[in-house]
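Here the structure is laid out as structure tokens; the discussion comes afterwards.
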């Protein structure tokens with residue numbers, strides 16, 4: 001048996017400890033946890049406590065000495081984030097955003113590259129080196145900017161949607177830029193061979209993800225959902241995210257782009273809500289690990305060796321990119337507040353600059369010393385993204401979010417459903433038909449994959465998933481809905497959903513199907529607005545049919561049925577209230593009795 005080596009698990013334990021401490025602490029202080037992860041990376045990294053641990057060995061167990069070991073896993077934080085963003089979109093919405101993806105995006109990248117390349121020439125760089133540095137520094141940080149916007153709830157604003165559109169274009173530009181770098185490093189130019197080895201695989205990989213995803217993803221999730229296994233569903237989600245990311249990376253594109261496309265392909269399916277709930281914990285943890293790795297990669301010795309030069313490079317990068325992005329935004333007729341917020345979020349450097357500069361240094365297109373200095377400056381600028389996001393919020397005005405731009409978020413988030421029906425069997429379908437007849441917009445949820453597939457094909461807005469989870473109900477937009485209708489035939493499931501919904505949304509109207517009068521009483525105790533017992537309703541319908549057939553006028557029959565239904569409701573609701581009151585009285589009497597009891601004297605051997 002192999003001996004146990006704790007060192008193998010050191011980085012994992014340090015990160016989990018950091019996540020358990022940083023997130024609650026920074027949320028309590030109302031500071032973005034991103035800053036906490038970045039700071040923890042700097043402190044615990046090889047250039048922080050790692051450097052000190054060489055003299056004080058007792059610090060070694062608390063330091064991240066091998067950042068390269070966690071970097072491959074940390075990169076999946078960005079991948080999962082872009083997959084979640086893709087789930088909020090659709091191909092139609094991407095087409096509507098094309099003006100900002102290709103218009104604003106191309107102007108920002110080319111304009112920033114030209115300005116930064118010109119600055120590099122002024123500092124004495126060769127034209128080839130200046131061109132590579134200009135394009136590398138023109139890119140921004142998708143991995144940090146998007147979480148900062150999401151944390152501040154600014155992703156759905158006009159500025160947030162514009163920033164996202166530009167970042168999407170930048171992701172698309174990574175493959176052409178890497179192709180450019182490889183071409184600049186080749187002395188004997190062979191254009192056709194370079195195109196075949198770089199751009200063709202990229203296009204082929206993206207085509208496989210799009211075409212294969214359309215053909216495979218929905219049947220895959222239907223097969224897994226029909227199996228009814230939570231573990232298999234989690235495995236399918238991870239397979240899709242990681243598999244598409246690896247496939248696009250093998251093609252020369254960014255991993256995040258492949259995951260984003262997979263998210264877009266799944267956005268219109270009935271499994272979208274459950275996938276969001278499943279992926280969310282992985283996304284949060286992996287993003288935290290990514291920020292820790294970014295912080296740990298900051299070489300403090302280089303910063304301290306020439307602080308004015310390093311900070312000057314970072315500040316100059318931010319100023320140049322801010323000016324270019326602001327002018328582009330004004331050219332596209334965005335308002336000054338939107339232009340300012342957009343430019344602030346796009347002004348720092350991005351993680352793709354590391355990849356492009358490393359490739360350029362390897363091909364000798366950029367000197368190694370220049371590449372090292374620029375990499376540190378980019379890292380410092382990325383550290384300033386949360387602060388720039390806070391500044392952007394202060395400068396923005398409340399009416400900015402209402403400007404006429406095609407929204408990034410899904411239609412369900414723009415206009416919430418009036419009602420959510422949990423359980424779309426016989427009873428749920430009838431309720432849905434009645435709501436539709438009165439023009440009430442509703443969403444249905446069911447855990448029967450076959451049923452969901454059938455009614456989804458009929459145009460019903462229905463999703464597959466487990467509604468007995470608070471996070472799933474939140475993803476369905478229950479907080480913005482007026483009513484929750486529970487028609488499930490299993491009493492325990494209905495009780496669990498009522499308990500969760502009432503705890504999270506005290507003022508929500510909840511109407512639930514009950515098995516009998518006893519079950520209705522229990523649901524009233526749990527907080528439903530109204531409970532409908534099956535046995536009582538069946539009896540009332542039978543009574544109605546008999547009375548009408550015996551010649552009693554319809555108006556009198558309906559009135560008597562309503563009167564009897566109200567009688568039952570008045571009986572069941574007080575029963576629930578009285579049960580709670582009796583429980584409260586018993587508890588108070590018991591506490592009162594305990595308080596009157598005299599303490600038992602201690603025995604001689606018990607006296608301290």
Only listed residue being under 28 Å from residue 478 (Cβ atoms), at pLDDT 85 or above and under 24 Å from the mean Cα position of the chain (by Cα), chosen from 420, 440: 420
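Of the residues 528, 511, which single one is buried (at least 17 other Cβ atoms within 10 Å of the Cβ), outside any loop (DSSP other than H, G, I, E, B) and more than 23 Å from the chain's Cα centre (by Cα)?
511
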Of the criteria (1) in contact with a strand residue (DSSP E or B) (Cβ under 6 Å, 6 or more places away or on another chain); (2) without any contact (Cβ under 8 Å) to a residue 40 or more places away in the chain, which one residue 270 fails: (2)
In region 479-508, the residues that are part of a helix (DSSP H, G or I), out of contact with any helix residue (DSSP H, G or I) (no Cβ under 7 Å at 6 or more places or on another chain) and more than 16 Å from residue 530 (Cβ to Cβ): 479, 480, 492, 493, 496, 503
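Yes/no matrix, rows are residues, columns are (1) at pLDDT below 85; (2) in the same structural domain as residue 110 (by TED's automatic domain parsing); (3) over 20 Å from residue 355 (Cα atoms); (4) surrounded by 21 or more Cβ atoms within 10 Å (Cβ to Cβ):
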position	(1), (2), (3), (4)
192	yes, yes, yes, no
212	yes, yes, yes, no
216	no, yes, yes, no
229	yes, yes, yes, no
235	no, yes, yes, no
246	no, yes, no, no
251	yes, yes, no, yes
260	yes, yes, no, yes
Residue ranges of helices (runs of 4 or more DSSP H) in region 230-328 with at least 3 members within 30 Å of residue 456 (Cα to Cα): 230-250, 255-266, 272-296
Residue 452 vs. criteria touching a strand residue (DSSP E or B) at 6+ places or on another chain (Cβ under 9 Å) and either assigned to a strand (DSSP E or B) or within 27 Å of residue 267 (Cβ to Cβ) (or both): yes
Single match in 320, 292, 324 (criterion: in contact with a helix residue (DSSP H, G or I) (Cβ under 6 Å, 6 or more places away or on another chain), farther than 26 Å from residue 19 by Cβ and surrounded by 22 or more Cβ atoms within 10 Å (Cβ to Cβ)): 324
Region 277-286, residues that are in contact with a helix residue (DSSP H, G or I) (Cβ under 6 Å, 6 or more places away or on another chain) and closer than 13 Å to residue 18 by Cα: 286
Every residue from region 361-392 that is at pLDDT below 80 and in a helix (DSSP H, G or I): 362
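The values are calculated or read from the model by the stated rules, or taken from the named source; none is laboratory data. On a predicted model such as this, the values are computed, not experimentally measured, just so you know. Note that we place each Cβ from the backbone using ideal geometry, even for glycine, and neighbour counts take in every protein chain shown.
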